[in-house]
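Nothing in this text is a laboratory measurement; each read-out follows from the coordinates by a stated rule. For clarity, every value in this text was computed on a predicted model and none was experimentally measured. Neighbour counts are summed over all protein chains in view; Cβ atoms, including those assigned to glycine, are modelled from backbone coordinates with ideal geometry.
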Amino acid sequence: MKFDNAAISLPHLWSSPFVRWQGRLADVSSYDLAYAVTRDAMQERAIDPGAIDHLVLGNTVVQPRAFFAAPWLAARLGMHGVTGPSIAQACATSVACLAHAAGIVEMDAQAQPLVVVTDRTSNGPLLVYPQSQSQAGAPLTEHWVLDNFASDPNTGHSMVITAENTARDGGVTRQALDDLTLLRWQQYRQSLADDRRFQRQYMQPVRWSQGRRSWQVDADEGVHEYSAEGLASLKPVQPDGVVTPGGQTHPADGCAGALVCNQRQAGTLSAGRGVVRLLSVGYARAGKAQMPKAATTAALRALEIAGISIRDVRLIGTHNPFAVNDIWFAQQTGFDLEKMNVYGSSLIYGHPQGPTGMRGIAELGWALREAGGGIGVFTGCAAGDTGAAVVLRVD
């Protein structure tokens, strides 16, 4: 998909902090989290609910009252008469939601769709499916999070196996994975410098009240520190493998959002602070149990759709649940690993699935602005050996 007019005012692109699963957001429905974070984001940016004509909700882990999720959230936010779809594509959900919103703007230049992406991997639901033909009518049960993390029904393999397969095909060593993880940790620490100056440009605190109890989450929680010695001490997840717990991400809870509009509107809203032009979106599917490779293919496809060479790309952001994702990308494209994820990535701060991509896009946008603007690519892999990427330009 190629876009000619869709854009986002950089200040109108936000993400909550991410909290490691079973942390302080574990008992907060992701729909309630979406309401709290989006409400505050809209108020602080003076976004008029009456100016929003579409809502695109991204959510991958079922929550209570999911049947009504998008129109319910719109009503809670004061967006009367507004509705829209709920979209789920695992960790590609943010890109899919942005593509849908950008398509709305391409068809109606005056439209202003709001994208909200939210997920809670904590306390995943246990679903019960009736089976009238089973012995005594015994039901089939599925733990929405754990069972789907465990294996892909198409291949029978877990996601860590896809990382091992990619590492084997790329000749990637354990040392290379540890080195890349340490680089991503050092880059993430840059986003914490000067009292988190970089993060504060896009991070929307979570303010939550329940009964007499209220609290606020201002920064990522549950991020472990990394060291060369600590990474070297970890055992591989698989016997004779190279992927360790240090070279893969952790599940988390969080929410992110964006106001999509035409380029002129985005320029007015940004007040000189930067405009993100959405140029194209590309999707890809790798071979069986080869998930990390799909992110690279999706990025190259999105660049081809936009008519842009990888040589013209200034910075890249990735959803990298495994360190091998970025190494494979660099091997296939020749792109400098140090120009990827310059302020950190999901490998370090975790991923709540749906909103992970939106946070990565926000970070890429602000990083490009600090670099003086230019073309960027955000890409990531997703369940089912798939990948999704967006090409953007920051002016």
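Give the peptides 293-303, 351-361, 188-198 in descending order of average Cβ contacts within 10 Å, highest first. Intermediate values should be presented prior to the final figure.
Details: 293-303: 25.4, 351-361: 30.6, 188-198: 14.6.
Ranked from most to least packed, the peptides come out as 351-361, 293-303, 188-198.
Pairs of Cα atoms under 8 Å, at least six residues apart: use those to get the relative contact order of the chain, whole percent.
On the way: 956 pairs, mean separation 110.9, N = 395.
Averaging sequence separation for qualifying contacts and normalising by length gives 28 percent for the chain.
Suppose we keep just the DSSP beta bridges with both residues in the range 238-379; what percent of those would be antiparallel, to 5? The partial results should precede the final answer.
On the way: 1 of 9 bridges.
Within the range 238-379, antiparallel bridges account for around 10 percent of the total.
Where both residues lie in the chain, what percent of DSSP beta bridges are antiparallel, nearest 5?
On the way: 47 of 66 bridges.
Counting DSSP beta bridges with both partners in the chain, the antiparallel share is about 70 percent.
Once you sort the root eigenvalues of the Cα gyration tensor of the range 296-395 as a ≥ b ≥ c, which label holds: rounded (a/c under 1.5), prolate (a/b larger than b/c) or oblate (the other case)? Working shown, then result.
On the way: a/c = 1.44, a/b = 1.16, b/c = 1.24.
Judged from the Cα gyration tensor, the range 296-395 comes out rounded (a/c under 1.5).
Just check the range 69-119 against the gyration tensor rule for me: Cα atoms, a ≥ b ≥ c as the square roots of the eigenvalues, rounded for a/c under 1.5, and otherwise prolate or oblate depending on whether a/b exceeds b/c. Please report the intermediate quantities before stating the final value.
Values: a/c = 2.52, a/b = 1.05, b/c = 2.40.
Oblate, because a/c is 1.5 or more while a/b does not exceed b/c.
Whose amide H sits under 5 Å from the amide H of Gly380, counting only residues 5 or more places off or on another chain, with H placed in the peptide plane?
His319, Ala388
Taking the number of other C-beta atoms within 10 Å as the exposure measure, put Arg39, Arg264, Arg277 in order starting with the fewest.
Numbers: Arg39 15, Arg264 12, Arg277 18.
Ranked by crowding around the Cβ, least crowded first: Arg264, Arg39, Arg277.
Can you tell me how the range 185-293 classifies by the Cα gyration tensor, rounded, prolate or oblate, using a/c under 1.5 as the rounded cut?
Numbers: a/c = 1.99, a/b = 1.34, b/c = 1.49.
It is oblate, given that a/c is not under 1.5 and a/b is not larger than b/c.
What number, rounded to the nearest 500 deg cm²/dmol, is the helix-based mean residue ellipticity at 222 nm of the chain, given -39500 (n - 2.57) per DSSP H run of at least four residues and division by all its residues? Intermediate results must be reported in sequence, preceding the final value.
Values: 13 runs with 136 residues, N = 395.
Calculated from helices alone, the mean residue ellipticity at 222 nm is -10500 deg cm²/dmol.
GNM on the chain, C-alpha springs below 10 Å: top fluctuator among Ala88, Ala75, Ala99?
Its mean-square fluctuation being the largest, the pick is Ala75.
Give me the net charge of Ser346's neighbourhood, meaning all other residues with Cβ under 14 Å from the Cβ of Ser346; Lys, Arg count +1, Asp, Glu -1. Walk me through the intermediate numbers first.
Working: positive: Arg20, Arg184, Arg359; negative: Asp119, Asp220, Asp253, Asp326, Glu363.
Neighbour charge sum, excluding Ser346 itself: -2.
Out of residues 5 or more away from Ala252 or on other chains, whose amide H comes under 5 Å of its own, with H placed 1.01 Å from N in the peptide plane?
Here the answer is Trp21, Thr121, His351, Gln353, since their amide H atoms fall under 5 Å of that of Ala252.
Fewest first, what order do Trp215, Trp185, Trp328 take by the number of other Cβ atoms within 10 Å?
Details: Trp215 10, Trp185 20, Trp328 25.
Exposure proxy ranking, most exposed first: Trp215, Trp185, Trp328.
With θ set to phi - 60° and the Karplus curve 6.51 cos²θ - 1.76 cosθ + 1.60, what are the ³J(HN,Hα) couplings of the range 57-68 in order, to the nearest whole Hz, using x for Gly and Pro?
10, x, 6, 10, 10, 4, 10, x, 6, 4, 4, 10
Could you tell me what percent of the DSSP beta bridges with both partners in the range 1-150 are antiparallel, to the nearest 5?
On the way: 4 of 12 bridges.
Around 35 percent of the beta bridges assigned by DSSP in the range 1-150 are antiparallel ones.
Reachable aspartates and glutamates from Lys293, Cα under 13 Å, same-chain residues fewer than 8 places away excluded?
Output for Lys293: Glu164, Asp169, Asp326, Asp385.
Please list, in chain and number order, the residues 5+ apart from Gly374 or on another chain whose amide H is under 5 Å from its amide H, with Hs placed from the backbone.
Val394
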